[in-house]
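Since the structure comes first, as C-alpha coordinates, the remarks are kept for the end.
The values are calculated or read from the model by the stated rules, or taken from the named source; none is laboratory data. Note that this is a predicted model, so its numbers are computed, not measured. Positions of Cβ are backbone-derived with ideal geometry, glycine not excepted, and every protein chain shown enters the neighbour counts. Just the protein is used for accessible areas: all its heavy atoms, side chains included, with ligands, DNA and RNA removed. Shrake-Rupley method; radii C 1.70, N 1.55, O 1.52, S 1.80 Å.
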Amino acid sequence: MEVVLNDLIDKIADIKYMPEDVLKDSLLIEQRKDKIRLASILGTNYGKKTRLKLVTDSETVLLEEAIFAFDNQYVYLKGGVKIPIRAIEEVKLY
(Lines give C-alpha, C1' and ligand atoms only; values in the text may rest on other atoms or scores of the structure.)
Protein backbone atom coordinates (compact mmCIF):
# COMPACT_ATOMS: atom_id res chain seq x y z
CA MET A 1 0.00 0.00 0.00
CA GLU A 2 1.33 3.46 -0.90
CA VAL A 3 0.54 6.49 1.20
CA VAL A 4 1.21 10.00 -0.11
CA LEU A 5 2.33 12.62 2.41
CA ASN A 6 2.47 16.18 1.16
CA ASP A 7 3.50 18.87 3.64
CA LEU A 8 2.76 16.58 6.58
CA ILE A 9 6.21 16.74 8.12
CA ASP A 10 4.86 16.25 11.64
CA LYS A 11 3.63 12.74 10.75
CA ILE A 12 7.08 11.60 9.62
CA ALA A 13 8.31 11.45 13.21
CA ASP A 14 5.78 8.69 13.94
CA ILE A 15 6.88 6.42 11.08
CA LYS A 16 8.77 3.22 11.97
CA TYR A 17 11.47 2.42 9.41
CA MET A 18 13.01 -0.90 8.41
CA PRO A 19 16.26 -1.71 10.27
CA GLU A 20 18.14 -2.73 7.09
CA ASP A 21 18.73 -0.89 3.83
CA VAL A 22 15.85 -1.24 1.36
CA LEU A 23 18.34 -1.27 -1.54
CA LYS A 24 20.55 -4.32 -1.93
CA ASP A 25 22.54 -3.36 -5.04
CA SER A 26 25.66 -1.27 -4.35
CA LEU A 27 25.23 0.64 -7.63
CA LEU A 28 21.68 1.67 -6.66
CA ILE A 29 22.91 2.72 -3.23
CA GLU A 30 25.59 4.91 -4.83
CA GLN A 31 23.07 6.44 -7.26
CA ARG A 32 20.72 7.19 -4.34
CA LYS A 33 23.56 8.99 -2.55
CA ASP A 34 24.32 11.08 -5.65
CA LYS A 35 20.66 12.04 -6.08
CA ILE A 36 20.40 13.01 -2.41
CA ARG A 37 23.50 15.20 -2.79
CA LEU A 38 21.96 16.97 -5.80
CA ALA A 39 18.56 17.24 -4.10
CA SER A 40 20.23 18.87 -1.10
CA ILE A 41 21.86 21.49 -3.32
CA LEU A 42 18.58 22.22 -5.10
CA GLY A 43 16.62 22.27 -1.84
CA THR A 44 19.03 24.51 0.03
CA ASN A 45 19.74 27.00 -2.74
CA TYR A 46 16.46 27.06 -4.67
CA GLY A 47 13.83 25.52 -2.37
CA LYS A 48 13.18 22.76 -4.92
CA LYS A 49 11.19 19.80 -3.65
CA THR A 50 12.18 16.21 -4.18
CA ARG A 51 9.93 13.16 -4.26
CA LEU A 52 11.13 10.49 -1.85
CA LYS A 53 9.76 6.96 -1.83
CA LEU A 54 10.19 5.61 1.69
CA VAL A 55 9.75 2.03 2.81
CA THR A 56 8.45 1.60 6.35
CA ASP A 57 7.78 -1.55 8.31
CA SER A 58 4.16 -1.57 7.12
CA GLU A 59 3.82 0.49 3.93
CA THR A 60 5.45 2.59 1.22
CA VAL A 61 5.25 6.36 1.67
CA LEU A 62 5.65 9.02 -1.03
CA LEU A 63 6.83 12.36 0.28
CA GLU A 64 7.45 15.58 -1.61
CA GLU A 65 9.70 17.91 0.33
CA ALA A 66 12.92 19.90 0.02
CA ILE A 67 16.06 18.24 1.39
CA PHE A 68 18.13 20.80 3.26
CA ALA A 69 21.03 18.64 4.45
CA PHE A 70 22.29 15.08 4.69
CA ASP A 71 25.01 13.02 6.32
CA ASN A 72 26.01 9.36 6.12
CA GLN A 73 22.85 8.15 7.85
CA TYR A 74 20.08 10.73 7.45
CA VAL A 75 18.52 13.35 5.19
CA TYR A 76 17.22 16.44 6.95
CA LEU A 77 14.02 18.22 5.97
CA LYS A 78 12.51 21.47 7.21
CA GLY A 79 11.93 21.70 10.92
CA GLY A 80 14.88 19.41 11.66
CA VAL A 81 12.95 16.30 10.62
CA LYS A 82 15.31 13.49 9.71
CA ILE A 83 14.75 10.38 7.61
CA PRO A 84 17.16 7.45 7.57
CA ILE A 85 18.77 7.08 4.15
CA ARG A 86 18.45 3.30 4.42
CA ALA A 87 14.64 3.71 4.19
CA ILE A 88 14.72 5.70 0.92
CA GLU A 89 13.97 3.45 -2.03
CA GLU A 90 13.77 6.14 -4.70
CA VAL A 91 14.71 9.81 -5.13
CA LYS A 92 13.07 11.79 -7.93
CA LEU A 93 14.23 15.27 -8.80
CA TYR A 94 11.89 17.58 -10.71
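Which cross-chain or sequence-distant (5 or more) residues have an amide H under 5 Å from the amide H of Ala69, H modelled 1.01 Å from N in plane?
Tyr76
What ranking of Leu93, Leu52 comes out by heavy-atom accessible area, probe 1.4 Å, highest first? Don't skip to the end; give the middle numbers.
Values: Leu93 65, Leu52 0 Å².
Descending accessible area places them as Leu93, Leu52.
Starting from 0 in steps of 10 Å, tell me what percent of the Cα-Cα pairs of the chain lands in each bin.
With 10 Å bins starting at 0, P(r) equals 17, 56, 26, 1.
How big is the charge dipole of the chain about its Cα centre, in debye rounded to the nearest 20, if each Lys and Arg gets +1 on its Cβ and each Asp and Glu gets -1 on its Cβ?
On the way: 15 positive and 16 negative charges, 73 e Å.
Dipole of the chain, to the nearest 20 debye: 360 debye.
Out of the DSSP beta bridges found with both residues in the chain, what percent are antiparallel (nearest 5)?
On the way: 17 of 22 bridges.
Counting DSSP beta bridges with both partners in the chain, the antiparallel share is about 75 percent.
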